[in-house]
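The values are calculated or read from the model by the stated rules, or taken from the named source; none is laboratory data. Remember, it's a predicted structure, so these values are computed and weren't measured experimentally. As a convention, Cβ positions derive from the backbone with ideal geometry for all residues, glycine included, and neighbour counts pool all protein chains shown.
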Amino acid sequence: MKINKIKEMSSPELEKELGELKNELFKLRFSLATNGLDNPMKIKEVKKDIARIKTILRQRELLQDNK
């Protein structure tokens, strides 16, 4: 997911997307442990997307506190 797309989303949408990505990460890790993955780099991509979303949410939170 691109950072520009993340910045365009509202905070509730980001919270929802974050939940979905965490669920996907769980499934990927479970699949890796049980029968292997076709693309193990997918885990890395999902983790980076989670970090990007958390960063934007934290930036917005800090902006709200400063106002």
query: Looking at the stretch 34-67, which of its residues are more than 12 Å from Met1 (Cα to Cα), among the aliphatic types (A, V, I, L, M) and part of a helix (DSSP H, G or I)?
result: Met41, Ile43, Ile56, Leu57, Leu62, Leu63
message: Looking for something at pLDDT below 90, in a helix (DSSP H, G or I) and in contact with a helix residue (DSSP H, G or I) (Cβ under 7 Å, 6 or more places away or on another chain) - is there at least one such residue anywhere in the stretch 2-9?
response: yes
query: Within the set of pairs 6 or more residues apart or between chains, which connect a residue that is over 14 Å from Thr55 (Cβ atoms) inside the stretch 2-28 to a residue that is of a type in the set (A, V, I, L, M) with Cβ atoms less than 6 Å apart?
result: Glu24/Val46; Leu25/Val46; Leu28/Ile43
Where Ser31 falls short, out of the listed (1) of a type outside the set (Asp, Glu); (2) part of a helix (DSSP H, G or I); (3) exposed (fewer than 13 other Cβ atoms within 10 Å of the Cβ): (3)
